[in-house]
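All remarks here apply to the structure that follows.
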Amino acid sequence: MSSAKEFGQDYLARVRYRNDLPPPPGAPKLLEIPHDGLDRFLKPGYASRLVREQPLNIDVDAEGGMPIDMVGIPGYFYGDESGML
């Protein structure tokens, strides 16, 4: 009896794809974009500025969209939730 384990071998095949596109007309151009570094994003004032600049597009009623007073919904305490719609 041999104590050697049998291992399966996966078939690996090289796949080559054709590129029929012409080469780009010129060399890539790297643009220098000014930035303040990572420190600007790590300060709490950055998030505060975003909140002030971006308007919220949600409409919320006084109860936050969910009825809190369930007494006014007919049949709610008997399992009928059709009055909530």
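The values are calculated or read from the model by the stated rules, or taken from the named source; none is laboratory data. Note that the structure is a prediction, hence the values are computed from the model and not measured. Neighbour counts are summed over all protein chains in view; Cβ atoms, including those assigned to glycine, are modelled from backbone coordinates with ideal geometry.
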Scan the range 1-29 for residues that are at pLDDT 85 or above and of a type in the set (S, T, N, Q) and jot them down.
-> ASN19
In the range 30-72, how many are at pLDDT 80 or above, part of a loop (DSSP other than H, G, I, E, B) and surrounded by 10 or more Cβ atoms within 10 Å (Cβ to Cβ)?
-> 1
